[in-house]
Amino acid sequence: MSDSNIEILRKESFLIIIENSIGSKMFNSMFVRLKDSGAVTDILNDGEFSCAFYVSSVLMLLRVIEKPRATVLKLKEVIVNDSNWQTVEVDTIEPGDVIFYVKTKFKDGTSNAHVGLALSKGEVVSTDHRVKKVAKHPVDYRPIEAVFRYTAW
């Protein structure tokens, strides 16, 4: 079958990629070289801080964004500044929506934001820092800050 005879269904592919990514450790690391010292480091700390990299990598695979991002803040900036995304209400979550969670403060005093991809109205897929892999969990397991839907499939 020639390429001219097919049409890639980006949204359908996106949704199955989300489902099939569960259990993966593929997004646990992003190595960078620090310009000042030349040191090489894994800025995601073997999956501890990998949620934005996971979400942005999946979005990049389907050409929704240009490159992956390592932080929730940078990913959110990209989405907010792209007219192909719209903010939607929490009670209208659909598969594929990007869900940003309120920053959580941990017992050790650190805090971090979180992002995931809706698998269904009640489930989200993101990385889990405790098991250090992509995992499925209830959409409301943390307070939700914002939900965005891509509109240019």
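Among the residues making up the range 101-125, those that are in a strand (DSSP E or B), small (G, A, S) and farther than 17 Å from I16 by Cβ are S111, A113. Take the conditions (1) of a type in the set (G, A, S); (2) part of a helix (DSSP H, G or I); (3) over 21 Å from L75 (Cα atoms); G38 misses just one of them, which is (2).
When the criteria are applied in full, V134 meets the requirement of being touching a residue at least 60 places away in the same chain (Cβ under 8 Å) and either more than 13 Å from Y54 (Cα to Cα) or surrounded by 14 or more Cβ atoms within 10 Å (Cβ to Cβ) (or both).
For K25, are the conditions met, namely being basic (K, R), outside any helix (DSSP H, G or I), under 19 Å from H137 (Cβ atoms) and more than 12 Å from the chain's Cα centre (by Cα)? Judged against the criteria, K25 is a match.
For the range 80-90, does any single residue satisfy the condition of being touching a helix residue (DSSP H, G or I) at 6+ places or on another chain (Cβ under 8 Å) and under 17 Å from S21 (Cα atoms)?
First pass over the range 80-90, keeping only residues touching a helix residue (DSSP H, G or I) at 6+ places or on another chain (Cβ under 8 Å): 85.
Those still in the list that are under 17 Å from S21 (Cα atoms) too: none.
Taking every residue of the range 80-90 in turn, none turns out to be touching a helix residue (DSSP H, G or I) at 6+ places or on another chain (Cβ under 8 Å) and under 17 Å from S21 (Cα atoms).
Being crowded, with 18+ Cβ neighbours inside 10 Å and in a strand (DSSP E or B) is a property that does not hold for I65.
Conditions tested, residue by residue: (1) among the aromatic types (F, W, Y); (2) surrounded by 19 or more Cβ atoms within 10 Å (Cβ to Cβ).
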| position | (1), (2) |
| --- | --- |
| K103 | no, no |
| F106 | yes, no |
| N112 | no, no |
| K121 | no, no |
| V124 | no, yes |
| R130 | no, no |
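Note on the range 47-60: among residues that are modelled with pLDDT of 95 or more and more than 8 Å from the chain's Cα centre (by Cα), the one that is nearest to D128 (Cα to Cα) is S50.
So is V55 outside any helix (DSSP H, G or I) and surrounded by 12 or more Cβ atoms within 10 Å (Cβ to Cβ) or not? In short, no.
Residues of the range 74-102 that are in contact (Cβ under 8 Å) with a residue 24 or more places away in the chain and within 17 Å of P143 (Cβ to Cβ): K76, T87, V88, E89, V90, I93, D97, V98, I99, F100, Y101, V102.
The values are calculated or read from the model by the stated rules, or taken from the named source; none is laboratory data. Every value quoted in this text rests on a predicted model; they were computed, and no experiment measured them. Don't worry about glycine lacking a Cβ; one is built from the backbone with ideal geometry, like all the others, and counts go over all protein chains shown.
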